[in-house]
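Just below is one structure, and these are the notes that go with it.
The values are calculated or read from the model by the stated rules, or taken from the named source; none is laboratory data. Every value quoted in this text rests on a predicted model; they were computed, and no experiment measured them. When we count neighbours, we look across all protein chains shown, and the Cβ atoms used for this are built from the backbone with ideal geometry, even at glycine. SASA here: full protein model, heavy atoms, side chains in, ligands and nucleic acids out. Shrake-Rupley method; radii C 1.70, N 1.55, O 1.52, S 1.80 Å.
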Amino acid sequence: MQNTRLARRAAEEAQMRHLTPAAPPAPRQPRAAAPAANEDGREPAHGARALYDALLQANDRPDAALRAEARAFIERWRAEMRTQPCDLPASPDGLATWQQANLASTGAAYQAYLAVRKAGGPRRYFGSRSHALNFLRAVAPTKLVDGAWLYGLLPDAANPHLNDLILTYVEELGDGDPDKNHVLLYRRLLDAMGIVDWAEQPDEAYVQGALQLSLAACTTELLPEVIGFNLGYEQLPLHLLITAYELDELGIDPTYFTLHVTVDNAAGGHAQRALRAAAENLPALADREAFWARVADGYMLSNAGQGTTDAIAAFDPHQALLQVLGGRAGEGSLAHSDYCRIEGRTVNQWLADPAAVGGFVAALERKGWLVRGSDPAQSRFWALLQGEHASMFGVFGDYELQVIYDWIRGDAAADGAAFVRAGPAARAPAPPRAFRHVRRAAQGQTPLSLATLAEDGSTLDPDLAELRQMLEGDDVVGRGAALRRLLGPAMHWGPAGLEATRHVAQMMRAA
Ligand SMILES: [Fe+2]
């Protein structure tokens, strides 16, 4: 049986229940391989990333060919996930007990984790700051379409059976509040952490996001699967609690993650709504068992592809360094003069071949440009990036600098120190202050927001004026289409999307 996220999660929680000392996530196991071909044996035209990009680009208007492709993608993953064990109750009657048992086990595991940490145990997930940032980067394709699996229900918003699911979607969009829109929060987090190149990832990082967008594109045929997917996605997992705790500890804003701890709560939050939606949508005339089997398929799809603990376990500081340097090799190979020679080869020659980046790093170490296991201030290569005579200043973004910095520091990077920016007074690396302490210290000060710069709330979003005009007009059909388009996965986090969401949220609350 192939190892799955479900199995690893169960093992992790079992380990925590037995109060074993904190340890890094289990080494990455061979995962469920991406199903390769369509039912008729044709190779799919799109891999996960290409499908993800195409569906996002299409937003509310995937054409028939793209929808067929999305459906085939779902069917391939449905077949794959049917080979894995499913812990959903055999009938909806067992759902409440199932949820309570999951919650109790997650709660106990988290308390055990906290006890280990308070006794001085190391972080369980993130060995360094660059490890945490690499995780944020790895899961970005999924987080940036957060909620998308529910989008296809929007045309049926007047159906009271779907009320809980539509409300969940609108809340994923923050009810139109830019500080609560999940996708926008994640975009801001990536920007704040200097993670620019998140799109450059292997196909497996796109599987979960592509499934979510595919469900949105095929909702009319896949309502039970959407309900099941939502059921799986909206339960509170242990990894969310630990991730939020450790990001905070590393001085990284955990709001995106803590927000999910609160909105997914089982008492009245998304988890509870997910349960209610599963029960309320069971058919009275059609075959209930067949419906429930498809709900279970959807539930399993929420566990397909690379998950949180997979992304964390996959981190390797050396590979991350090679990826950072290799990512710049193309432009770097043209930027250096032939005076820069390392072991007889010009830097241009080293960088011209991305496969040679590993050899380049080894040569830099041999020649003393990189001194591993020391303060980066002692490495000449670091001095090129940050410092008084940093001729490569600005070449790398903050995430990339952190990867290089932590790689040079080696084991010492376990203190989670952020890289030291160039300045008149050079500092030694210092352990981070917890994010909550930084925020508490800032309490009482009026927070500055970029919105402060707007004149009379004005914005250059061309869709906003159009939306306002439509809302005042009497073209009901056009108005519905405009709202649906602006609430789409590609649009909802912009000014017009947020305003459209506020209107829909208002209609939902008034209904
Ligand atoms: Fe969310």
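The table below lists the values:
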quantity: Gln208 buried (at least 24 other Cβ atoms within 10 Å of the Cβ) and within 16 Å of the ligand (Cβ to nearest atom); calculated: yes
quantity: Test: residue in region 216-235 that is closer than 22 Å to Tyr186 by Cα, among the acidic types (Asp, Glu) and within 13 Å of the ligand (Cβ to nearest atom); calculated: yes
quantity: Check on Ala271, out of contact with any helix residue (DSSP H, G or I) (no Cβ under 6 Å at 6 or more places or on another chain) and under 17 Å from Asp146 (Cα atoms); calculated: yes
quantity: Selection count where residues are of a type outside the set (A, V, I, L, M) and either at pLDDT below 95 or outside any loop (DSSP other than H, G, I, E, B) (or both), scope region 116-132; calculated: 5
quantity: Residue within region 442-457 that is outside the structural domain of Asp53 (by TED's automatic domain parsing) and surrounded by 13 or more Cβ atoms within 10 Å (Cβ to Cβ) present; calculated: no
quantity: Candidate set: region 251-268, residues that are within 12 Å of the ligand (Cβ to nearest atom) and at pLDDT below 75; chosen: the one most open to solvent (accessible area, probe 1.4 Å); calculated: Val263
quantity: Subset of region 365-384 [in a helix (DSSP H, G or I) and at pLDDT 90 or above]; calculated: Glu365, Arg366, Pro376
quantity: Matching option when the condition is modelled with pLDDT under 80 and out of contact with any His (no Cβ under 8 Å at 6 or more places or on another chain), among Asp398, Asp338; calculated: Asp338
quantity: Boolean, Pro155 is at pLDDT 95 or above, outside the structural domain of Phe419 (by TED's automatic domain parsing), open to solvent by 20 Å² or more (accessible area, probe 1.4 Å) and not hydrophobic (A, V, I, L, M, F, W, C); calculated: yes
quantity: Number of positions in region 105-163 that are more than 20 Å from Leu241 (Cα to Cα) and aromatic (Phe, Trp, Tyr); calculated: 2
quantity: Complete set of residues in region 460-470 that are outside any loop (DSSP other than H, G, I, E, B) and under 23 Å from Asp179 (Cβ atoms); calculated: Asp463, Leu464, Leu467, Arg468
quantity: Scan of region 133-187 for residues that are more than 10 Å from the chain's Cα centre (by Cα), outside any helix (DSSP H, G or I) and within 13 Å of the ligand (Cβ to nearest atom), ordered by number; calculated: Gly147, Leu173, Lys180, Asn181
quantity: Matching residues in region 482-511 - criterion: being in a helix (DSSP H, G or I) and open to solvent by 30 Å² or more (accessible area, probe 1.4 Å); calculated: Arg484, Arg485, Pro495, Arg502, His503, Gln506, Met507, Arg509, Ala510
quantity: Some residue of region 465-473 being modelled with pLDDT of 90 or more, surrounded by fewer than 10 Cβ atoms within 10 Å (Cβ to Cβ) and not small (Gly, Ala, Ser); calculated: yes
quantity: Members of region 362-380 found to be under 10 Å from Ile342 (Cβ atoms) and touching a Phe, Trp or Tyr at 6+ places or on another chain (Cβ under 8 Å), listed by number; calculated: Ala363, Leu364, Trp369
quantity: Enumeration of residues in region 276-288 that are in contact (Cβ under 8 Å) with a residue 12 or more places away in the chain and surrounded by fewer than 21 Cβ atoms within 10 Å (Cβ to Cβ); calculated: Arg276, Ala279, Glu280, Asn281, Leu282
